[in-house]
Amino acid sequence: MPNSNRHLGKGHADPIGLKGFHPQSERFAPRSSHFRSLGHEAVGLDGSQQFVAMARSHSQCEVFHQDFLAMQLPESRFDGIFANASLFRVPSQELPRVLLELFKTLKPRGVLFSSNPRGNNEEGLSNERYACFFDVDTWRDYATSAGFAEVGHYYRPPGLPRHKQPWLATVWRSG
């Protein structure tokens, strides 16, 4: 019997209008199929109308056309947010507000999964797109300031020395 859990899968929103490839949108369909096979309702989000249309067509799911800097999400709608390789595109001065919006769209005890390339708190253009590369302590400060409680974190890909693990994956709960 399907459950009523709703999960918002975040795509690569392009928050400041820089052009680039949006790989998350094309990956939404297989991920949404997996979530739906578990009885969840998957909802996507992307800043590109073209990729929203593609994701809707391939996934048969609801997909919001919004970017991170102008999100208007319903309050307390989602049980979880899967933000893979997307939040590092949000400029640091906007990140507190964006994380607060994500916090507010989660139901109580909702989960935020986020995986981003890590770094030494650098910010600026990377391959013609805006990016922030935070260390775990800085990312933790942003997330906890928005109200999230850390469940855990790990580095990807698994089984490699830390210097060969460029991705920081974190799991958070809302209050």
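The values are calculated or read from the model by the stated rules, or taken from the named source; none is laboratory data. The model shown is predicted, which means the values in this text are computed figures rather than measured ones. With ideal geometry, Cβ positions are generated from the backbone for all residues, glycine too; neighbour counts draw on all protein chains shown.
Annotations
- Hits in region 136-164 (condition: more than 20 Å from L100 (Cα to Cα) and without any contact (Cβ under 8 Å) to a residue 24 or more places away in the chain): Y154, P157, P158, G159, L160, P161, R162, H163, K164
- Elements of the type strands (runs of 3 or more DSSP E) sitting completely within region 124-175 and holding at least 1 residues that are farther than 14 Å from A85 by Cα and either modelled with pLDDT of 95 or more or polar (S, T, N, Q) (or both): these cover 149-156, 167-173.
- Per the listing F82, F88, the residue uniquely among the aromatic types (F, W, Y) and at pLDDT below 90 is F82.
- Residues (within 14 Å of P166 (Cβ to Cβ) and surrounded by 18 or more Cβ atoms within 10 Å (Cβ to Cβ)) located in region 112-122: S115, N116, R118
- In this entry, L125 is excluded by the filter for residues that are of a type in the set (A, V, I, L, M, F, W, C), touching a residue at least 60 places away in the same chain (Cβ under 8 Å) and buried (at least 16 other Cβ atoms within 10 Å of the Cβ).
- Taken over region 135-154, the residue count meeting the criterion of being crowded, with 17+ Cβ neighbours inside 10 Å and touching a Pro at 6+ places or on another chain (Cβ under 9 Å) is 2.
- Qualifying residue in region 17-28 (condition: at pLDDT 50 or above, touching a Cys at 6+ places or on another chain (Cβ under 9 Å) and crowded, with 19+ Cβ neighbours inside 10 Å): yes
- Elements of type strands (runs of 3 or more DSSP E) in region 44-123, at least 2 residues being in contact with a helix residue (DSSP H, G or I) (Cβ under 9 Å, 6 or more places away or on another chain) and of a type in the set (A, V, I, L, M): 78-84
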